[in-house]
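Written out below as structure tokens is the structure these notes cover.
The values are calculated or read from the model by the stated rules, or taken from the named source; none is laboratory data. Please read all numbers here as calculations on a predicted model, not as lab measurements. Cβ placement follows ideal geometry from the backbone for every residue including glycine, while neighbour counts extend to all protein chains displayed.
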Amino acid sequence: MSALSPAPASQRGGGSDRRVRLPLQSRLLPGAAQALALFAAIRLAGIAAIAVTNHVAGHPLLKGLAHSWDSRWYLHIAEYGYGTRVHVLASGAVQRDWAFFPLYPGLIRAVSTVLPISPGAAALLIAWTASAVAAYGIYAIGHQLYGKAVATALVGVWAAMPHSVVLDIAYTEPLLTALAAWSLYALMKGRWLWAGGLAALAGLARPTGFAVAVAVGAVAVHEVIRSRGRVPLGLWIGTAIAPLGWTGFMLWVGEHTGDLLGGYFTVQRAWDSRFDFGAGSLHFLKSLLLHGGRVVYPLALVIVTAAVLLFCLLCIERAPLALIAYAGVLVLITVGGSGPYGSKPRFLLPAFPLLIPLARAFVRTWRVRPKHAFLLGAALAALSVAYGTYLMTASHAPL
């Protein structure tokens, strides 16, 4: 399979690749409506479970969805701008709002200005819309590679991950996943300008957004070598603009801190966010084995371990280079980076290509034993809803 891995014409509905519109499609891909309905059903069930639990506890129905942990920082930036909020830890470390990337708060400010809604409501509207766009992008990639059955399963599994509750709250993972999915789809179709432009926006969404630019660069290098330099101009332009979002914000933070190249990393270190080659992960594992931990931390370890194994399977299955490069960077950052271990499963939520082996296995099971596959899918969705409700209403561990 090549780096771009285009599907055969029969899988695309025939015709030239140039007639495919990107993104979004002018009409839904075959089977996409069912996949999006499945996604909506699972995530609406999660929101409903949180609302019911809050009602029983005497809290506002949607308590926490728009004002949890990092959401408060995004909302503050949207209302007051950067450089207006700091948090001094007992250790003396100064956490600044410059650690949070600008695309999401910028969109919150724009939407709450245009529409008569609060910044919190705007934040949820953006996150929920981005989740749906991401689900469709994931479906498009799955459909391009394996057809609608695997694509539907891929969307369903992504919606039913233990930490998929993050798709329901005012966080940036939905926005990053939407931009990443459509950038990678454009890349697989050879639409370099779309791929590069969306990668640049992904770099403005989250620190890990540069993984999309890495994928664009990796495929570009492969194409240049394979074609011996005879590549379209769009490849050079798309590859050049792909990292501009992430590097632009990094340099902007550096300029405001007085350290152009190192200021951004100094700001991130105050949040215990740095690449330590897995030292923090090893320390966490030692502590967990010696002292145990609440359900959040053992499950986080299981999810991170599973992500590494799934990445190996993705490589064995010879997935397109774009997906391998993107998922590989996210796994590397998650395993080799420091920071609260309980948050690591959230960092992996945008790494949807890791779920391709699971989706393909689910479809194979469905064809042989549909009842077993249905029960497995229902159990996975129910556990996702239950665990997400626990995280949002009972757990004190930050996401």
Pick out the one residue from 153, 199 that is crowded, with 24+ Cβ neighbours inside 10 Å and over 23 Å from residue 360 (Cα atoms). 199
Pick out the one residue from 219, 253 that is hydrophobic (A, V, I, L, M, F, W, C) and in contact with a Leu (Cβ under 6 Å, 6 or more places away or on another chain). 219
Sort out which residues of region 29-51 are farther than 15 Å from residue 166 by Cβ, assigned to a helix (DSSP H, G or I) and not small (Gly, Ala, Ser), and write them in order of number. 34, 36, 38, 44
What single numbered condition from (1) assigned to a helix (DSSP H, G or I); (2) under 30 Å from residue 62 (Cβ atoms) fails to hold for residue 185? (2)
Here is a list of conditions, (1) of a type in the set (A, V, I, L, M); (2) touching a residue at least 12 places away in the same chain (Cβ under 8 Å); (3) within 25 Å of residue 397 (Cβ to Cβ); (4) not in a loop (DSSP other than H, G, I, E, B), and residue 65 meets all of them except one; can you say which number that is? (4)
Hey, residue 387 in a helix (DSSP H, G or I), touching a residue at least 24 places away in the same chain (Cβ under 8 Å) and surrounded by fewer than 21 Cβ atoms within 10 Å (Cβ to Cβ) or not: yes
What is the number of the single condition among (1) over 25 Å from residue 203 (Cα atoms); (2) modelled with pLDDT of 90 or more that residue 287 does not meet? (2)
What are the pairs with Cβ atoms under 6 angstrom where one residue, in region 241-269, is farther than 25 Å from residue 220 by Cα and the other, located anywhere, is surrounded by fewer than 14 Cβ atoms within 10 Å (Cβ to Cβ)? Sequence gap at least six, or different chains. 254/261
With a cut-off of at least 1 residues that are within 22 Å of residue 89 (Cα to Cα) and in contact with a Lys or Arg (Cβ under 6 Å, 6 or more places away or on another chain), name the helices (runs of 4 or more DSSP H) lying wholly within region 221-292. 263-270
Which numbered condition residue 279 fails, given (1) surrounded by 14 or more Cβ atoms within 10 Å (Cβ to Cβ); (2) touching a residue at least 24 places away in the same chain (Cβ under 8 Å): (1)
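One line per residue, one yes/no per condition, for (1) farther than 26 Å from residue 61 by Cβ; (2) not polar (S, T, N, Q):
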residue	(1), (2)
97	yes, yes
114	no, yes
130	no, yes
147	yes, yes
152	yes, no
155	yes, yes
161	no, yes
168	no, yes
175	no, yes
Matching entry among 167, 154 (being assigned to a helix (DSSP H, G or I), closer than 23 Å to residue 388 by Cα, modelled with pLDDT of 95 or more and over 13 Å from the mean Cα position of the chain (by Cα)): 154
